[in-house]
1. How much of His183 can a 1.4 Å solvent probe reach, expressed as accessible area in Å² and rounded to 10?
2. Mind jotting down the distance between the C-alpha centroids of segment 1-44 and segment 121-154, whole Å?
3. By how many nm would the segment from Arg205 to Arg87 grow when fully extended, if each residue of separation counts as 0.36 nm and the alpha-carbon distance is taken off?
4. So if R0 is 35 Å, what FRET efficiency would Val135 and Gln14 give, r being the distance between their Cβ atoms, rounded to the nearest 0.05?
5. Give me the 1.4 Å probe accessible area per residue for segment 62-217, excluding ligands and nucleic acids, in Å².
6. Summing -39500 (n - 2.57) over the DSSP H runs of n ≥ 4 in the chain and dividing by its residue number, what mean residue ellipticity at 222 nm do you reach, to the nearest 500 deg cm²/dmol?
7. Around Lys147, with a cut-off of 11 angstrom between Cβ atoms, what is the net charge of the other residues, counting Lys and Arg +1 and Asp and Glu -1?
8. On the accessible surface of the chain, probed at 1.4 Å, how many percent belong to carbon and sulfur atoms?
Amino acid sequence: MQEEEIVPFAPQSQPLRIGVLGSGSGTNMQSILDAIASGFLDARVTCCISDVPGAKILDRARAAGVPAEWIDPAPWKTKLEGAAEDRYVARLRESGAQVVVLAGFMRIVKRGLLSAFPWRVLNIHPALLPAFPGVAAWKQALDYGAKVAGVTVHFVDAGTDTGPIIVQRAVPVLDGDTPETLHARIQEQEHLAYPEALRLLAAGRLRICGRRVKIVG
Ligand code: GAR
């Protein structure tokens, strides 16, 4: 039997509307905003929400004219669930977001968000998944002695860093690397990979077949 083919997004006459969730500096969101400004990506960022009060990602969003706010994720420390999750979903919906981009959002997202945006939640992870899921993946790669590190953009499913892979980029590990130098080189590739994946999504070129993501057209 043939596997069902899911079309996560079919292009419309309007630019793709993206809601961003992030916890940190926001360089990945910046790369998306820059890709939009340059015309590489036909999209609009409708809102930026952080679980960390005063996170730099909020300043970056405001500087670009994107509505930005901290929404309390309490009582959870490492996940987004229940009433807190409802608050995030409500704000994303209110902003008109069609897809949700996790840009350094350091929480596990749960069913409420995933069912509100089915196959429309994307994440970027600083490793070549399935190697090194979880936190500080670049450090895990270095400590393990891997010769190749990298970056993965994937659809989010119910697992942690397990969803179907859209784009991957490899980054060599150099002899003199420290966690900081390796992460910096990985980030250079992240800033190419996220706009690339979103451009494919916005153009309606992605199909999910089981674990595999096909690029059509
Ligand atoms: C990025 O390296 C991203 O891959 C990572 O957090 C950093 C955020 O940077 N995300 C994860 O580790 C998720 N498991 P940014 O705030 O500058 O975009």
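1. Counting only protein heavy atoms, His183 exposes about 40 Å² to solvent.
2. Result: 21 Å between the Cα centres.
3. 39.4 nm
4. It comes out at approximately 0.45.
5. Heavy-atom SASA per residue in segment 62-217 reads 48 Å².
6. Mean residue ellipticity at 222 nm (helix-derived): -10500 deg cm²/dmol.
7. Result for the neighbourhood of Lys147: -2.
8. 54
The values are calculated or read from the model by the stated rules, or taken from the named source; none is laboratory data. Remember, it's a predicted structure, so these values are computed and weren't measured experimentally. Here the Cβ is made from the backbone with ideal geometry for all residues, glycine too, and neighbour counts use every protein chain on show. SASA here: full protein model, heavy atoms, side chains in, ligands and nucleic acids out. Shrake-Rupley method; radii C 1.70, N 1.55, O 1.52, S 1.80 Å.
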